[in-house]
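Nothing in this text is a laboratory measurement; each read-out follows from the coordinates by a stated rule. Predicted, not measured: the structure shown is a model, and the values here were computed from it. Reconstructed Cβ throughout: ideal geometry from the backbone, glycine too, with neighbour counts over all protein chains shown.
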Amino acid sequence: MNKIVFLDRDGILNEEIGDYVFRLEEWRIPEGSIKACWKLKNAGYKLVVVTNQGGIGKGLYTAEAVKLLHQKFQEASNNVLDHLYYAPYTDVTSKSLMKKPGSLMLERGLAKYNAKPENCWLLGDAGRDIEAAQSIGVKAILVPTLKETHHPLAETVASSVLEAAEYILANS
Ligand SMILES: [Mg+2]
């Protein structure tokens, strides 16, 4: 049975800067994130990025910029990530269900890899990440980088992506 760890992007795979990250010079991978990804991958998890990129819908940057930064992480990590979903919409352009806390990106991942939600996890740093996962029965871990330091629906809170990965391995 396939299993997935869904990864929010900003705050998890690159450092949260309090604004849209779309320039290469602002792309910094947090300490331990690549190691955490490999621990999960070696334990049999598919790694699927689910990221809101409303800056595309606002015209601040293009989908190509998102793909370029994704490629940057892939190069740095020897291609540890399996798939990328991004929601380019803003509330102004669309009420898309892809946009977290909507769960459509996660549901597409479950369908693509034929995985059951109860075998899957999500790592994120925002309430909308936790809510997207919980709404379809995927367990979620909050790794705070923003104002949210806890969430009632989070399985636990971890101080780093590596700590979150270790929690998953100890509890699955
Ligand atoms: Mg985030």
Practice task
Calculate the length of the line joining the C-alpha centroid of segment 108-172 to that of segment 5-78, in whole Å.
Solution key: 16
Practice task
Go ahead and estimate [θ] at 222 nm for the chain from helices alone: -39,500 (n - 2.57) per DSSP H run with n ≥ 4, summed, over the residue count, rounded to 500.
Solution key: -9500 deg cm²/dmol
Problem - Proxy reagent accessibility, fewest Cβ within 10 Å first, across 49, 5, 161 - result: 49, 5, 161
Exercise for the section: Find the all-direction average of the projected area of the Cα convex hull for segment 72-172, expressing the result in square nanometres with one decimal place. Expected result: 7.3
Exercise for the section: List every residue whose amide H lies under 5 Å from the amide H of residue 87, counting only residues 5 or more places away in sequence or on a different chain, with H placed 1.01 Å from N in the peptide plane. Expected result: 51, 52, 53
Problem - Fully extended contour minus Cα-Cα distance, from residue 72 to residue 43, at 0.36 nm per residue - result: 8.1 nm
Practice task
Straight distance only, please: which aspartates and glutamates reach the Cα of residue 35 with their own Cα at less than 12 Å, same-chain residues fewer than 8 apart left out?
Solution key: 163, 166
Fill in the blank from the handout: Restricting to aspartates and glutamates and to Cα separations under 12 Å from residue 46, and discarding same-chain partners fewer than 8 apart, the set is 82
Problem - Amide H partners (placed H, <5 Å) of residue 122, local residues excluded - result: 6, 139, 140, 141
Fill in the blank from the handout: Exposure proxy check on 20, 45: fewest-to-most Cβ neighbours within 10 Å is 20, 45
Problem - Separation in nanometres of the label points that stand 7 Å from Cα toward Cβ, at residue 112 and residue 146 - result: 2.2
Exercise for the section: State which entries of 41/139; 58/99; 41/147 exceed 19 angstrom in Cα-Cα distance in the structure shown. Expected result: 41/147
Completion exercise
Within segment 76-131, DSSP-loop trypsin sites (Lys or Arg not before Pro) with at most 12 other C-beta atoms within 10 Å are 95
Exercise for the section: Note the per residue figure in Å³ for the convex hull of the C-alpha positions in the chain. Expected result: 104
Completion exercise
Connecting every pair of Cα atoms under 10 Å apart in the chain and solving the GNM, the largest mean-square fluctuation among 109, 127, 32 falls on 32
Practice task
Subtracting the Cα-Cα distance from 0.36 nm times the residue separation, let me have the gained length for residue 169 to residue 20 in nm, one decimal.
Solution key: 50.5 nm
